Amino acid sequence: MNQPYNQQYTNRGQQNQQMTIQNPKSNIQQQTGPDMNDRDFLNDILATEKYLSDGFNVFAREASHGQLYNDVIHILNETHDCERDLFNLMFEHGFYSFKAAAQQDIQQAHQQFSDYINKQDPYLNQRMQ
C-alpha cells in the first residue's frame, strides 16, 4: 500500500499556520451496543499487531540459534509491514489525521536531536581527528 493518498489540507488558523492532513472520514455509524464497527475492528487488529511485534522483538533478542533468529526476524518484519498496511488503511478512511509541522519546527527538532547525538557519541573525538 505504498501509494499516495488523496489528502485534504485544512487550515486551522493557528498562530504558526499548522495544517491538518487527513482523508475524508468513512461513513461508519457509531455503535451504541456491544457491536463493533469497522474502525473498532481495525483498532483492535492494529493493537494486536503491535502486541505481537513487541513479543517478536523480545524473542529475536533472546534467540540463540541462528536459523531461529532469522525466522523470527522475518516474521517480525512481516508483522511491521502488516502494522503499516493497517495504519495506511485507517488513514485512507479518515481514522487518523496529522498536524503538518512548520519547517522551522522541523529544523529545531533536527538540531536538538543532532546536538544530543553529538554529546552522546563516544567516538566523536576519534572521527574529528
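Descriptive notes on the structure:
- Within the stretch 61-84, residues that are closer than 19 Å to Asn43 by Cα and at pLDDT below 95 reach no partner that is part of a helix (DSSP H, G or I) and among the small types (Gly, Ala, Ser) with beta carbons closer than 7 Å at six or more positions or on different chains.
- Close Cβ contacts (under 6 Å, 6 or more residues apart or on different chains) running from residues in the stretch 99-123 that are closer than 19 Å to Thr20 by Cβ to residues that are aromatic (Phe, Trp, Tyr) and in a loop (DSSP other than H, G, I, E, B) are absent.
- Within the stretch 104-119, the only residue that satisfies the criterion of being at pLDDT 90 or above and either exposed (fewer than 10 other Cβ atoms within 10 Å of the Cβ) or in contact with a strand residue (DSSP E or B) (Cβ under 9 Å, 6 or more places away or on another chain) (or both) is Gln104.
Condition check ((1) assigned to a strand (DSSP E or B); (2) of a type in the set (A, V, I, L, M); (3) more than 27 Å from Asp54 (Cα to Cα)) across all residues:
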| position | (1), (2), (3) |
| --- | --- |
| Glu83 | no, no, no |
| Met90 | no, yes, no |
| Phe95 | no, no, no |
| Gln112 | no, no, yes |
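- Those residues of the stretch 36-51 which are surrounded by fewer than 16 Cβ atoms within 10 Å (Cβ to Cβ) and part of a helix (DSSP H, G or I), in sequence order: Asp38, Asp40, Phe41, Asn43, Asp44, Ile45, Ala47, Thr48, Lys50, Tyr51
- The condition of being charged (D, E, K, R) and either closer than 30 Å to Lys25 by Cα or in contact with a Pro (Cβ under 7 Å, 6 or more places away or on another chain) (or both) holds for only one of Asp71, Asp38, that being Asp38.
The values are calculated or read from the model by the stated rules, or taken from the named source; none is laboratory data. Predicted model only: the values in this text are computed from it and were never measured. Because the Cβ atoms are built from the backbone with ideal geometry, glycine has one as well, and the counts that use them run over all protein chains shown.
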